[in-house]
Amino acid sequence: MDAQNAAGGQTSGTLVVQVANALRNAILKGEYKIGDKLPSEARLTEVHGVSRTVVREAIAALRSDGLVEPRRGAGVFVLEPVAAPGLPFQNVDHARISSIIELLELRGAVEVEAAALAAVRRSPAQEETILERHRAVGECIANGKPTSTADFALHEAIAEATNNPRFVEFMALMGPNAIPRAALAGADGEASDAYLSQIHEEHGRIVSAISNGDAQAAREAMRAHLQGSQGRYRVLLQNK
């Protein structure tokens, strides 16, 4: 099956990340134990609905992580994990202003340009996904539901619309820590309605600029959003 058809327009680089992450998670959860042989290339192609090239690159990524070892004529086998330095972005301390600001500054350095690239590179399907995920955040706000997951999904969709898999990898590496909002709110894990409405309006300007194909406006809207977040987090944390 062709990778583009399987993903509805996603790049093969994005698919490599998704397949590699799925296999990595299966190994870490013990679904594949040390010494186990992974399913054949043909089987992985069928299960994940991707091309053989995507599967090979995903296996290569796992090999570079020391999780698997291809053995000529025998298959790919799970190795005993080697202790490695902690993954970046996993020790973010949401109780510290400096930790939040560090994260937001880094996001700004990456996501501002991601928004600009998305404005000029997005496909119609990717644009629709961005619009849908923006609506999903609005629905969460309207229904009083937590928004962090939907918020992160919107930023992921913008990264995917760059059609540069490195932006997708960056977001995947940061994971839920990219949206540290829940740590700054009350027991229900959410901020005030006014705060969420402001975030949604800022998202709206980013989404509109991307939809209009205006790279500079998208860049500025994302910069304003993330810089504004820095100021808001300072206030929220100081008042906790």
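The values are calculated or read from the model by the stated rules, or taken from the named source; none is laboratory data. The structure presented is a predicted model; accordingly, all values stated were derived computationally and were not measured. Positions of Cβ are generated from backbone atoms using ideal geometry, with glycine treated the same way; all protein chains shown enter the neighbour counts. SASA here: full protein model, heavy atoms, side chains in, ligands and nucleic acids out. Shrake-Rupley method; radii C 1.70, N 1.55, O 1.52, S 1.80 Å.
Looking only at residues in segment 64-107 that are open to solvent by less than 80 Å² (accessible area, probe 1.4 Å) and of a type in the set (Ser, Thr, Tyr), which one is modelled with the highest pLDDT?
By that ranking, first place goes to 99.
Report, ordered by the first and then the second residue, all pairs with beta carbons closer than 6 Å, sequence separation of six or more or different chains, a first member in segment 20-34 that is open to solvent by 40 Å² or more (accessible area, probe 1.4 Å), and a second member that is among the aliphatic types (A, V, I, L, M) and in a helix (DSSP H, G or I).
Every condition considered, the pairs that remain are 32/26.
Only one of (1) assigned to a helix (DSSP H, G or I); (2) crowded, with 16+ Cβ neighbours inside 10 Å; (3) at pLDDT 90 or above fails for residue 15. Which number is that?
The one condition residue 15 does not meet is (3).
Which numbered condition trips up residue 188, out of (1) at pLDDT 80 or above; (2) within 17 Å of residue 144 (Cα to Cα)?
In the conditions (1) at pLDDT 80 or above; (2) within 17 Å of residue 144 (Cα to Cα), residue 188 misses (1) alone.
Specify the residue that is nearest to residue 114 (Cα to Cα); the eligible residues are those in segment 210-220 that are in a helix (DSSP H, G or I) and open to solvent by 10 Å² or more (accessible area, probe 1.4 Å).
219
If you go through segment 108-127, how many residues are surrounded by 14 or more Cβ atoms within 10 Å (Cβ to Cβ) and either free of Cβ contacts under 8 Å to residues at least 12 places away in the same chain or not in a helix (DSSP H, G or I) (or both)?
The qualifying residues number 2.
Among residues belonging to segment 35-47 that are part of a loop (DSSP other than H, G, I, E, B) and open to solvent by 50 Å² or more (accessible area, probe 1.4 Å), point out the one that is farthest from residue 65 (Cα to Cα).
So the residue we want is 40.
Could you say which residue among 223, 205, 181, 135 is under 19 Å from the mean Cα position of the chain (by Cα), at pLDDT 95 or above and crowded, with 16+ Cβ neighbours inside 10 Å?
Going through 223, 205, 181, 135 in turn, just one is under 19 Å from the mean Cα position of the chain (by Cα), at pLDDT 95 or above and crowded, with 16+ Cβ neighbours inside 10 Å: 223.
For segment 48-63, enumerate the residues that are within 14 Å of residue 20 (Cβ to Cβ) and surrounded by fewer than 18 Cβ atoms within 10 Å (Cβ to Cβ).
Across segment 48-63, the qualifying residues are 53, 56, 60, 63.
Does any residue in segment 131-150 that is over 13 Å from residue 199 (Cβ atoms) come within less than 9 Å, Cβ to Cβ, of a residue that is surrounded by fewer than 16 Cβ atoms within 10 Å (Cβ to Cβ) and among the aromatic types (Phe, Trp, Tyr) six or more places away or on a different chain, and which pairs are these?
Filtered contacts from segment 131-150: no entries.
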